[in-house]
Amino acid sequence: MSDFDGTAPRSVAERLRTWEWVYLGYLLFMPAQPYFSPDPAWWEWPLAIVVCAATVLLYALALLRRRSAWSVWASLVPMAVLGTLATPLNAAASVLFIYAAAAAGNALPWHVARRWFAGLTVLDCVTALVSQVPLSYRLLGFASALVMVWVVGLLELKQRDRRQEEENQRLRTSQVELLATLAERERIARDLHDLLGHSLTAVVMRAQLTKELVFADPERARAESEEIERNAREALAAVRSTVTGWRRTSIRAELEEARRTLAGTGVTLRVSCDDAPVLVAATEHELGLALREAVTNVARHARAATCRIGLETDGERVRLVIADDGIGGDAPEGTGLTGLRERIAKLGGAVRRSGSNGTTLTITVPVEVAG
């Protein structure tokens, strides 16, 4: 019996159409008892009708109202009181104790609900002792209520816990989906920053160079404009693949891109990766993006003449070093370096930035993650 489960459909019409009204059919036993009594008094039928009407009103109040402490007690307590007053005169009125047990099981904590079941059992026994109904009719009504108070009440407790667990599961699922969405947004934001920051820096610098070469060296200006177009197309493709989460880069690809980017700014690149370890795709992707961010900063801010890139391992950690002789030094870090630190930290690694004459960026990750 779930007539006091406290759920509230969206509209009054939906609440009126619920199948839970069928439980009111148990009230038909109350007007039936005087009919089968050997010598019924005249007041037994009016009493049964009045009690049935009051029960329907309380039942409707509990069923139609939303869950609240007031609605629970406004149905539970009157049901128990009405049952206590009517049962000595009509044994079938003990069904009110079952309705009260359903209300308690559906809305009260386990320890409180069990006390109510015990109290309703006591009321059922006491009213049976003082009842004026013949013993044969009395035992039928009181014995069934004695059992059903516990059966219905405990079933309501279990159903309520099941509904609560389902609701908790929905909440947990929603939280997981929200966290996954936020993580994906952060990933896209970092990737777009790395991609666009690097690509647009190259485009801007080459555009500036092309503007200076238009009259002085038209052929080279033409070549630079073609390179600008290539960089723009690569940036567009990279943005599309990043949004879908498919894009992967590599150290080799980023070194080639670094050569082109730094060449356009007049920076000499020196690479030392002779004994570079074999990296797993996920780790190489993150190190590649870190290399891209570092090279972008060199091209954009360092005003360097030389940039050195090294990749090595000491048996415990893989180390990627990007050093320049520019003016970066101790300049404040931007969002790019912050995102870089977050990426490497997820691999269990670290990022260290140092240097007074120029900047040295040292990125290390554990070998067990890298290989």
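Wholly within segment 264-371, which helices (runs of 4 or more DSSP H) include no fewer than the required count, namely at least 1 residues that are open to solvent by less than 30 Å² (accessible area, probe 1.4 Å) and modelled with pLDDT of 85 or more?
Once the helices (runs of 4 or more DSSP H) in segment 264-371 are filtered for at least 1 residues that are open to solvent by less than 30 Å² (accessible area, probe 1.4 Å) and modelled with pLDDT of 85 or more, what remains is 281-297, 335-346.
If a residue must be among the hydroxyl-bearing types (Ser, Thr, Tyr) and modelled with pLDDT of 85 or more, how many such residues does segment 93-116 contain?
Residues of segment 93-116 among the hydroxyl-bearing types (Ser, Thr, Tyr): 94, 99.
Pick out the ones that are also modelled with pLDDT of 85 or more and you get none.
Qualifying residue count for the region: 0.
Does ARG190 qualify as being under 30 Å from LEU262 (Cα atoms), among the charged types (D, E, K, R) and at pLDDT below 80?
It is true that ARG190 is under 30 Å from LEU262 (Cα atoms), among the charged types (D, E, K, R) and at pLDDT below 80.
Give segment 264-295 a look and list any residue that's of a type in the set (Gly, Ala, Ser), touching a Lys or Arg at 6+ places or on another chain (Cβ under 8 Å) and under 24 Å from THR210 (Cα atoms), or say none.
GLY264
Being under 26 Å from HIS111 (Cβ atoms) and modelled with pLDDT under 80 is the filter here, so list the residues in segment 128-163 that pass it.
Scanning segment 128-163 gives ARG160, ARG163.
ASN90 is checked against (1) over 50 Å from the mean Cα position of the chain (by Cα); (2) at pLDDT below 60 and fails just one. What number does that condition carry?
(2)
Being under 20 Å from ALA41 (Cβ atoms) and either surrounded by fewer than 16 Cβ atoms within 10 Å (Cβ to Cβ) or of a type in the set (D, E, K, R) (or both) is the filter here; which residues of segment 88-131 pass it?
At the first step, the residues of segment 88-131 found to be under 20 Å from ALA41 (Cβ atoms) are 88-94, 127-128, 130-131.
Matches in segment 88-131: VAL130 only.
Give segment 132-149 a look and list any residue that's of a type in the set (Val, Ile, Thr) and crowded, with 20+ Cβ neighbours inside 10 Å, or say none.
The answer is VAL133, VAL149.
Would you tally the residues in segment 330-347 being touching a helix residue (DSSP H, G or I) at 6+ places or on another chain (Cβ under 8 Å), of a type in the set (Gly, Ala, Ser) and under 19 Å from ILE251 (Cα atoms)?
So the count comes out to 2.
Across segment 202-216, what is the number of residues that are surrounded by 18 or more Cβ atoms within 10 Å (Cβ to Cβ) and of a type in the set (D, E, K, R)?
1
How do the pairs read when you match residues in segment 210-222 that are at positive phi with residues anywhere that are modelled with pLDDT of 80 or more, using Cβ under 6 Å and keeping only pairs 6 or more apart or on different chains?
Listed by first residue and then by second, the contacts come to nothing, as the list is empty.
Can you pull out every residue in segment 229-263 that is crowded, with 16+ Cβ neighbours inside 10 Å, closer than 21 Å to LEU213 by Cβ and modelled with pLDDT under 80?
ASN231
The values are calculated or read from the model by the stated rules, or taken from the named source; none is laboratory data. All values reported here derive from a predicted model rather than from experimental measurement. Positions of Cβ are generated from backbone atoms using ideal geometry, with glycine treated the same way; all protein chains shown enter the neighbour counts. The accessibility values were calculated without ligands, DNA or RNA, using every heavy atom of the protein model including side chains. Shrake-Rupley method; radii C 1.70, N 1.55, O 1.52, S 1.80 Å.
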